[in-house]
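Input: a single structure, listed below in structure tokens.
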Amino acid sequence: MSRLLVACAVLLGTASFAQAPAAPPPQPKATAAPAAPEKPNPVKASAERTQAALAQLPKAKPEDVKSQDAILKALYDVISGPAGAPRDWQRFRSLFYPGAQLIPLAKPPGATTLAARPITPEDYVTWGQESTATHGFFEKEIARQTHAFGALVQVMSTYEARGTQDGPLIAKGVNSIQLFNDGQRWWVMNIFWIDEKTAGLTVPKDLTQK
């Protein structure tokens, strides 16, 4: 009898163990969600590009960038000279802030209206090297109107151009020049211009008086 009870107890115990629910599997540890990628900051990227470009510019002559008068004088002087005379293109480059544009208004062939044709200072250098090799060019300012708001300056600079210093007039027009002072020097930001022949207009009197 005792053996039967022991056998039953062993059997029941085994059955109970077999029927007991299995322990749940261990759950994986929670992990933090991946950080969202940082959105590009166009202002920061532009500032970094500008700083890199400033570091690559040739150093300006202090006397060229000490005042509005000085930088405008340098701008006209550096592009002027007789045919075949090398211009100081490093000096030219040093006047322009990174990102500056030169924008002539031109009338495309067959068109009846004007179109803006933006170029970079480097584009102008390429063109100027070819043109001045065989053509003289002397441009001078004959009148100026200036409007300023703090470090932002807008100059309407009326010009005349000749093939030789005292030769006949070959062009007359107006340069709209934006200048900027960064606290250390003056910079040319943009030049937007039109000449009388291209526009079919005459420069008005208020832009020909000093």
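Just so you know, all these numbers are worked out from the coordinates, no wet-lab data involved. These figures come from a predicted structure and were not determined experimentally. Heads up, the Cβs are rebuilt from the backbone with ideal geometry, glycines too, and the neighbour counts pull from every protein chain shown.
The separation of region 45-74 from region 138-159, counted between C-alpha centres, amounts to 18 Å.
Candidates Leu114, Gly173, Ile191 compared by Cα position along the dipole of region 87-210: farthest toward the positive end lies Gly173, with charges placed on Cβ.
Suppose R0 equals 30 Å; then what is the FRET efficiency for Leu114 and Gln184 from their Cβ-Cβ distance, rounded to the nearest 0.05?
Numbers: r = 37 Å, r/R0 = 1.23.
So the FRET efficiency works out to roughly 0.25.
Approximating the spin labels as points 7 Å out from Cα along Cα→Cβ, the Ile103-to-His135 distance works out to 2.4 nm. Potential lengthening of the chain between Thr208 and Ala70 amounts to 47.6 nm, from the contour at 0.36 nm per residue minus the alpha-carbon distance. Where Rh is the Kirkwood radius over the Cα pairs of region 33-87, the temperature 4 °C and the viscosity 1.567 mPa s, what D in µm²/s does Stokes-Einstein return? After rounding, the answer is 85 µm²/s. Put a plus charge on the Cβ of each Lys and Arg, a minus charge on the Cβ of each Asp and Glu, and nothing anywhere else: the dipole of region 46-207 about its Cα centre is then about 60 debye.
Scaling against 2.2 N^0.38 Å puts the C-alpha radius of gyration of region 46-207 at 1.05. From the cross-link list Lys66/Lys107; Lys39/Lys59; Lys73/Lys205; Lys107/Lys210; Lys61/Lys140, which pairs have alpha carbons spaced over 26 Å apart? Among Lys66/Lys107; Lys39/Lys59; Lys73/Lys205; Lys107/Lys210; Lys61/Lys140, the Cα-Cα distance tops 26 Å for Lys66/Lys107; Lys39/Lys59; Lys107/Lys210. Amide H contacts under 5 Å for Gly136: Ala83, restricted to partners 5 or more places along the chain or on a different chain, H placed in the peptide plane at 1.01 Å from N.
Remark: spin-label model distance Lys61-Asp88 equals 0.3 nm, labels positioned 7 Å along the Cα→Cβ axis.
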